[in-house]
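Participant: After the structure tokens below, expect a handful of questions from me.
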């Protein structure tokens, strides 16, 4: 009502709010609501007739309905031109990642993809697949035993519908093709054909990745039941690194109204100077794909030579390597994180080649990248998305162990979007 500068609260606006609440109450609730109920997921019925007050979808559902009613009934003095943009703005008020994802979701809706969810028997994965389809992002493929998936969906009160495919790896008519494909890749790495057949039949990551590699799906998401490094090892049995690119992990940090790309947060443990230069180039590409003009800071514990150290020398050499490559983005280093992110701190170095604060941070080592992003998330109030895999030849992403349905949908959308290149 305030956003449209309504002159009054009329009956039409009240009815619109009531209808929006009634429709939302009938929908499957996300993990955030279930967590607030100590894990008991409420369902529409005599004990649950209106949404919980902490349902994160409320802010994007009820206000637009009220605003539309105010406009239609003639009491709005400041009509909203684009309701889709308004919904995105509302979501971003509560969740900073929503603003970024709105643009990505819109792009994916224009070119829907077939995304395979490798751990298709898990409840939150089934919910994520249904949400992916309901939001018009494409088709969802669940890998699992049909009866087990159906049983899990029924116990959760979910209807799979015809937009959800279920593929049983062991019974698939394509597993012979996938096994032969995998054998051709691994036969000189100690694997027999029967080993590859067993991996395709029994390991969902290998089966799902083979679907993508063979063109039976466009993208893949996994990681709910297996840690990141193990899932990545499975995927790399099936999918190559993209020619001419480096495989890295990138995290997106959203804090204080800005987005910062942090790399490498998952792959290269102790990069040398040439590695750091490659990482900077890949991370800058991610920044551009999400709509940022990259300003890359090569981070170290020192700033422009003080205090000196072995890792600092490698970062300095990485900057020289970027000089030699004549890349088409701003970069500077070596510098401490506060100098890279704070205009006042940066002002002490007027020779810096960065035109503003950095939006891409290249860390000197994997451990510093991983530690700092996790600390930001837990102590600093930042929202961290990732690590995202960048540099694979196929769009595959890995969520964190035990991810929520919302996390899985976001990662599936990022995979379909092709954020990894």
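Participant: Can you put 248, 281 in order of Cβ neighbours within 10 angstrom, beginning with the fewest?
Facilitator: 281, 248
Participant: Say R0 is 60 Å: what FRET efficiency, to the nearest 0.05, do residue 151 and residue 353 get from their beta-carbon distance?
Facilitator: Working from the Cβ atoms, E equals 0.50.
Participant: To continue, here is another question. Go ahead and run the numbers for FRET between residue 173 and residue 327, Cβ-Cβ distance against an R0 of 35 Å, rounding to 0.05.
Facilitator: With a Förster radius of 35 Å, E is 0.15.
Participant: Listing 171, 247 from the residue with the fewest other Cβ atoms within 10 Å to the one with the most, what is the order? Numbers along the way, then the final one.
Facilitator: Details: 171 10, 247 22.
So the residues, fewest neighbours to most, are 171, 247.
Participant: Starting with the fewest neighbours, write out 41, 326 ranked by other beta-carbon atoms found within 10 Å of each beta-carbon.
Facilitator: With the sparsest Cβ surroundings first, the list reads 326, 41.
Participant: Could you pull the Rg and Dmax for the stretch 175-236, using just the Cα atoms, both in Å?
Facilitator: Using the Cα atoms of the stretch 175-236, the pair Rg, Dmax is 11.2, 31 Å.
Participant: Taking square-rooted eigenvalues a ≥ b ≥ c of the alpha carbon gyration tensor, is the stretch 248-391 rounded, prolate or oblate, where a/c under 1.5 means rounded and, failing that, a/b exceeding b/c means prolate?
Facilitator: rounded
Participant: Report the full-extension gain for the segment residue 191 to residue 343: residue separation times 0.36 nm, less the Cα-Cα distance, to one decimal in nm.
Facilitator: 49.3 nm
Participant: Give me the distance in nm between label points sitting 7 Å out from Cα along the Cα-to-Cβ direction at residue 371 and residue 401, one decimal.
Facilitator: 2.0
Participant: To the nearest 500 deg cm²/dmol, what mean residue ellipticity at 222 nm is calculated for the chain from DSSP H runs of n ≥ 4 alone, each contributing -39,500 (n - 2.57), summed and divided by the residues?
Facilitator: Result for the chain, helices only: -14500 deg cm²/dmol.
Participant: Taking a ≥ b ≥ c as the square roots of the Cα gyration tensor eigenvalues, with a/c under 1.5 meaning rounded and otherwise prolate when a/b beats b/c, else oblate, which class fits the stretch 11-94?
Facilitator: On the way: a/c = 3.55, a/b = 1.75, b/c = 2.03.
Oblate.
Participant: Something else now. Hey, quick one: spin label on residue 52, modelled 7 Å out along Cα-Cβ, who in the stretch 373-415 has an amide N within reach, i.e. under 20 Å?
Facilitator: Within reach of a label on residue 52: 402-410.
Participant: Can you tell me how the chain classifies by the Cα gyration tensor, rounded, prolate or oblate, using a/c under 1.5 as the rounded cut?
Facilitator: oblate
Participant: Would you mind giving the average projected area, over all directions, of the Cα convex hull of the stretch 55-94 in nm² with one decimal?
Facilitator: Over all viewing directions, the stretch 55-94 projects a mean Cα-hull area of 2.7 nm².
Participant: Of 195, 162, 264, which has the largest mean-square fluctuation in a 10 Å C-alpha GNM of the chain?
Facilitator: Of 195, 162, 264, the Gaussian network model singles out 162 as fluctuating most.
Participant: With a point put 7 Å past each Cα toward its Cβ, work out how far residue 18 is from residue 84 in nm, to one decimal.
Facilitator: Between residue 18 and residue 84, the simple spin-label model gives 3.2 nm.
Each reported figure results from applying straightforward, stated rules to the coordinates on display, with no laboratory input. Bear in mind the structure is a predicted one, so any value in this text is a computation, not a measurement. Heads up, the Cβs are rebuilt from the backbone with ideal geometry, glycines too, and the neighbour counts pull from every protein chain shown.
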